[in-house]
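Just below is one structure, and these are the notes that go with it.
Please treat every number below as a calculation from the coordinates, not as lab data. All figures in this text were calculated on a predicted structure; none of them were measured in a lab. Note: ideal-geometry Cβ built from the backbone for every residue, glycine included; neighbour counts use all protein chains shown.
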Amino acid sequence: MTKCIRLATRESVLAMWQANYVKAALERAHTGLEVEIVGMTTAGDRDKQSPLSQMGGKGVFIKELEIALFEGRADIAVHSMKDVPSVIPDGLQLSAICEREDPRDAFVSAHYTSLMSLPAGAKIGSSSLRRRLQLQLVRPDLVYEELRGNVGTRLSKLDAGEYDAIILATAGLIRLELSHRVSEKIDPSLCIPSAGQGAVGIESRIDDEEVNSLLAAVNHQDTYDRVICERTISSGLGADCSLPIAAFARLIGDEIELSTYVSDREGREHIRIIKQGSRQEGISLAKGVVEVLLAKGAAKMIGEQV
């Protein structure tokens, strides 16, 4: 018997790529399954001017999709995991996370090959406070400015000469077949990625057992384990996506390495921690990282910003 699943997504080019990727994966995994894409425009899409940090963070991109789940207008919602707040609303869950693409941040420039090759005073654009503050630590002599809009809009502004360089997610450029625009993939030792960056997640209602059983087939366990550890750090800090917080997990054999960065909005104070331990105890390791961050004053930094 053919079953149809309604998939809620934003209507940006990248979001539609993600939706079609999940649609194809589900239909490939389950013979007779049909996935209908339900496109939506979110508050984050409608307001292209306000800084995300002032709008409440990247959660503004998914609220309408979650309402569609609650109201039964959609069965699943597909998100870029870096846009998903650390706390999921009661009644919903992350049922699957697909295999992660390159999680690194991308330095994109028409004239310069790397961050370090930019001349002093060069203008660099990014929508992410996390990126701007971390890069400022290595290149305090650059001018960092807010840059909103979809990938095409940002690249157009770069090409028009409004910026000397911009910072985007490497994964998004790869998925849009724009990897040739990447001048440099920034090493996480310089700029730790956002929790979940490069991964596509599927959200559903907890009580929808039939749909959740179908989603299990497209879950990538290595990615899931890494992203859940990263999100454990974010949620442990009570953080939302508007704060300059980074969390990145790497698998090294049977070990997992967690890198974390927390800062105040001005970049006056920051904490950077790297911890490694057993993969099987990844969640406990992440909780331990949260304890160390709090002991070092992370709560004060965050408290001044919320």
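General remarks:
- Each peptide in 164-176, 139-151 receives the mean, over its residues, of other Cβ atoms within 10 Å, and ordering these scores from highest gives 164-176, 139-151.
- Which listed pairs, of 123/275; 23/63; 82/287; 123/296, have C-alpha distances above 23 Å, in listed order: 123/275; 123/296
- For the range 235-303, a simple Cβ point-charge model (Lys and Arg +1, Asp and Glu -1, everything else neutral) yields a dipole of about 140 debye relative to the Cα centre.
- Likely footprinting exposure, 229, 98, fewest C-beta neighbours within 10 Å first: 98, 229
- Diffusion constant of the range 235-303 at 20 °C, which comes from Stokes-Einstein with the Kirkwood Cα-pair radius and 1.002 mPa s, µm²/s: 173
- Pairs of Cα atoms nearer than 8 Å and 6+ residues apart set the relative contact order; for the chain it is 20 percent.
- Pairwise label distance in nanometres, residue 157 with residue 252, each label 7 Å out on the Cα-Cβ vector: 3.8
- Length, then width, then depth: along the principal axes, the Cα atoms of the chain run 64, 46, 36 Å.
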